[in-house]
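The values are calculated or read from the model by the stated rules, or taken from the named source; none is laboratory data. Keep in mind that this is a model prediction, so the values were computed, not measured. Here Cβ is always computed from backbone atoms with ideal geometry, including for glycine, and neighbour counts include all displayed protein chains. In case anyone asks, the SASA skips ligands and DNA or RNA and just uses the protein heavy atoms, side chains included. Shrake-Rupley method; radii C 1.70, N 1.55, O 1.52, S 1.80 Å.
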Amino acid sequence: MTDITLLLAQARAGDDRAWDRAVGLVYEDLKRIARGLLGGRGSATLNATQLVHEGYLRLARGGAEGIVDRGHFLALAARAMRQLMLNHARDRLALKRGGGASHVDADAHADAIAEEARGLIELDSALMRLEDDDPRCVRIVECRIFAGMTEQETADALELPLRTSQRLWLDARRRLAALLDDA
């Protein structure tokens with residue numbers, strides 16, 4: 001059993017300090033995930049540190065209840081950060097369209113940001129359609145793409161045999177590509 005697994009068990013038993021220590025042990029992993037999600041760069045309104053902290057706040061609401069180990073924690077954090085990025089993308093598109101402002105200058109940079117936001121929203125839409133058919137494929141994508149986990153870490157986090165995780169990853173990529181082509 002790893003230190004994080006033990007700390008999560010202690011946190012589930014009511015030790016708030018154990019939760020804080022567990023978060024401290026995965027903090028750098030969370031930053032790595034956030035940097036990956038942001039493509040190594042932040043924006044004027046969202047950077048990796050903010051994404052980690054907002055994701056943490058979402059996870060902290062539920063506490064350690066149901067989180068069994070490091071992989072599971074990172075998978076849940078990746079999902080929370082994905083949702084935060086999606087909300088951020090929707091907000092950026094709303095601002096691009098005016099968002100209640102009297103005037104918005106459109107330039108190449110703003111257009112690129114809006115295009116990136118649209119791409120993220122299209123990906124999320126494809127993931128939601130895929131989730132209707134096979135939620136395990138979406139969990140695999142969240143671990144591999146959003147959390148940057150290896151094949152083995154993904155299998156461990158989702159409590160799947162490695163070969164099943166690999167097969168689902170190939171299937172998820174194929175199905176996502178088809179869904180995005182249709183969009």
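Computed from phi, the 3J(HN,Hα) profile of region 84-91 under the Karplus parametrisation 6.51, -1.76, 1.60 (θ = phi - 60°) reads 5, 5, 5, 4, 5, 5, 4, 5 Hz, with x in place of Gly and Pro.
The modelled label-to-label distance for the pair GLU28/THR164, using points 7 Å beyond Cα in the direction of Cβ, is 3.3 nm. Fully extending the segment from ASP15 to LEU57 would add 13.4 nm, taking 0.36 nm per residue of separation and subtracting the current Cα-Cα distance.
Using a probe of 1.4 angstrom and keeping all protein chains present, the accessible surface of region 1-84 works out to 52 square angstrom per residue. Taken one residue at a time, the phi angles of region 154-168 give Karplus couplings (6.51, -1.76, 1.60, θ = phi - 60°) of 5, 4, 5, 4, 9, 6, 10, x, 3, 4, 5, 4, 5, 5, 5 Hz. Gly and Pro are set to x.
About its Cα centre, region 1-86 has a charge dipole of approximately 360 debye under the convention of +1 per Lys or Arg Cβ and -1 per Asp or Glu Cβ, with nothing else charged.
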